[in-house]
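The values are calculated or read from the model by the stated rules, or taken from the named source; none is laboratory data. Everything quoted here is computed from the prediction, not taken from an experiment. Ideal geometry is used to build each Cβ from the backbone, glycine not excepted, and the neighbour counts take in all protein chains shown.
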Amino acid sequence: MIPMTLAAIAAVTGGRVVNAAEDVTVTGGVEYDSRKVPAGGLFVAFEGEKADGHDYAPAVIEAGAAGVLGTKDVGVPSVIVEDQLAALAALARHVTKNLDKLTIVGLTGSSGKTTTKDYIGQLLARLGPTVAPAGSLNNELGFPYTVLQATAETRFLVLEMGARGIGHIRYLTEIAQPRIGVVLNVGAAHIGEFGSVEGTALAKGELVEALPADGVAILNADDPLVSGMAARTSAKVILTGEAGAGVRASEVSLDDAGRATYTMKFNEKSGLVRLAVAGRHQVANTLAAAAVALSAGMDFDELVEALGEVGIVSGRRMDVFDREDGVRVIDDSYNANPSSTSAALRALAAMGRDRRTTAVLGYMAELGEYEISGHRDVGRLAAELGVDRLIAVGENTRPILDGASAMAEKHLAADQAEAIAILKNDLRADDVVLVKGSRYRTWDVADWLRHPEEVQPK
């Protein structure tokens, strides 16, 4: 964050300074985890169900923090506000307006947001100091928290934007207005909240509506609901994809590790891109990242080389590793929806052309009335792709097995411990195992596959 006195923070957030001179200055970062507050930093104290951050405030100040942002006077230098989230939003808004050399990139989509954000961050870091932290910091807390990591030296700020309803992305863009906006896709993620894919598209398109006239909207030409958003913005539009796009891929092929090679074209230029990350869907993700880099001024030839070097930053997202016994694991267990699960299954099939394949699939949350059909569809796809074994984790995943009725070997595991037991009973050196599920529902399985000697099934 840019240096600010407690008095300035109070003025921006509508708070009041207590237990400190008003010229006490925050020179470090803003943190809501008391263990991570740096010297000179600002600790945001939230009241949670199990713990109250205000209880840790004295220790944080003693360790060197400059002040606390909270709702209670606990006898330490603080700015007292009515609502910490609203205060963070106001503080983030103030910071972006005072960083005139900062280019803000906003990114949304039903799947692939975090991975693509990571790629964009890696590319832009070649052009200047970039803030694009690992993880999915895309809500009303994580978004301003990310913004507040920007300093006077930062040139690029890459912000992931999530939404579970109309107006959510608009709210985030009012905190930090992007100059470059990216919409990856519109699918069934969170469709229980949106009601339909058209409702999802309406919400996601709020990003391009917020772009300035001299901004850039980067849209997926291969998704009609996304390319149709061009009519909703006055910004310059760049389409990415494999047909009718300004930044486009052709001649796509996959190697035995599921890594794509493709020819990328932009204007009159073309180059061969060899990705180091697995999954056919990474072509679309890297094209979007490439369009951002080109819009920011990266040389095309440098970009072609750089795309071959981008890697996985955020955990549990197409993290492919080989065990000492030869088993290959695809840990894509952070989250799941029908679109992302389909992409992961295709990656599994590509890697397992001459090897036995197993898909461990957990429950896909927030699908609303599409819950049964969404789970059936991924089961059907697993069978169509020729996946050898299917392990569905949890009673609510039974529709996956119904969809995979043509498969010879399939199991319904009551929980993750049972899924691990099934794998442990028959895991071969040539196996390729995909682990996929909405948050927490298959994490233990992935962790056991990574460290079977350390992780005990729960």
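Listed by position, the helices (runs of 4 or more DSSP H) contained in segment 51-133 that have at least 2 residues being touching an Asp or Glu at 6+ places or on another chain (Cβ under 9 Å) and charged (D, E, K, R) are 113-124. In segment 192-231, of all residues being charged (D, E, K, R) and within 16 Å of GLY109 (Cα to Cα), the one that is surrounded by the fewest Cβ atoms within 10 Å (Cβ to Cβ) corresponds to GLU198. Which of the numbered conditions does ALA406 fail, given that it passes all the others? Conditions: (1) in contact with a strand residue (DSSP E or B) (Cβ under 9 Å, 6 or more places away or on another chain); (2) of a type in the set (A, V, I, L, M, F, W, C); (3) surrounded by fewer than 16 Cβ atoms within 10 Å (Cβ to Cβ). Result: ALA406 passes all but (1). Is there a residue in segment 261-283 that is of a type outside the set (A, V, I, L, M, F, W, C), within 18 Å of VAL432 (Cα to Cα) and either buried (at least 23 other Cβ atoms within 10 Å of the Cβ) or touching a helix residue (DSSP H, G or I) at 6+ places or on another chain (Cβ under 9 Å) (or both)? So far as segment 261-283 goes, yes, one or more of its residues are of a type outside the set (A, V, I, L, M, F, W, C), within 18 Å of VAL432 (Cα to Cα) and either buried (at least 23 other Cβ atoms within 10 Å of the Cβ) or touching a helix residue (DSSP H, G or I) at 6+ places or on another chain (Cβ under 9 Å) (or both).
Within segment 313-330, restricting attention to residues that are within 13 Å of VAL432 (Cβ to Cβ) and of a type in the set (Lys, Arg), the residue that is surrounded by the most Cβ atoms within 10 Å (Cβ to Cβ) is ARG328.
Here's the yes/no breakdown for (1) of a type in the set (Gly, Ala, Ser); (2) out of contact with any strand residue (DSSP E or B) (no Cβ under 7 Å at 6 or more places or on another chain); (3) under 25 Å from GLY258 (Cα atoms):
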position: ARG380; (1), (2), (3): no, yes, yes
position: HIS411; (1), (2), (3): no, no, no
position: ALA429; (1), (2), (3): yes, yes, yes
position: LYS436; (1), (2), (3): no, no, yes
position: ASP444; (1), (2), (3): no, yes, yes
position: GLU453; (1), (2), (3): no, yes, no
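If I ask for residues that are more than 20 Å from GLU160 (Cα to Cα) and touching a residue at least 60 places away in the same chain (Cβ under 8 Å), which ones from segment 194-230 would you list? Passing the criteria: GLY195, ASP222. Scanning segment 1-28 for residues that are of a type in the set (Gly, Ala, Ser), under 18 Å from ALA86 (Cα atoms), in contact (Cβ under 8 Å) with a residue 12 or more places away in the chain and buried (at least 16 other Cβ atoms within 10 Å of the Cβ) returns ALA7, ALA10, GLY15.
Conditions tested, residue by residue: (1) within 30 Å of SER253 (Cα to Cα); (2) in contact with a Gly (Cβ under 9 Å, 6 or more places away or on another chain).
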| residue | (1), (2) |
| --- | --- |
| ALA347 | yes, yes |
| MET351 | yes, yes |
| GLU369 | no, yes |
| LEU381 | yes, yes |
| VAL387 | yes, yes |
| LEU390 | yes, yes |
| GLU409 | yes, no |
| ASP431 | yes, yes |
| GLY437 | yes, yes |
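Of the strands (runs of 3 or more DSSP E) entirely within segment 245-350, those holding at least 3 residues that are more than 30 Å from ARG376 (Cβ to Cβ) and not acidic (Asp, Glu) occupy 247-254, 259-266, 269-278. Residues of segment 19-34 that are more than 19 Å from LYS72 (Cα to Cα) and within 24 Å of the chain's Cα centre (by Cα): GLY29 alone.
Across segment 158-200, the number of residues qualifying as hydroxyl-bearing (Ser, Thr, Tyr) and either modelled with pLDDT under 95 or part of a loop (DSSP other than H, G, I, E, B) (or both) comes to 2.
Exactly one residue among GLU418, GLU454 is part of a loop (DSSP other than H, G, I, E, B), of a type in the set (Asp, Glu) and on the phi < 0 side of the Ramachandran plot, and that residue is GLU454.
Note on segment 412-458: residues that are in contact with a helix residue (DSSP H, G or I) (Cβ under 6 Å, 6 or more places away or on another chain), without any contact (Cβ under 8 Å) to a residue 24 or more places away in the chain and either among the aromatic types (Phe, Trp, Tyr) or exposed (fewer than 15 other Cβ atoms within 10 Å of the Cβ) (or both) amount to 0.
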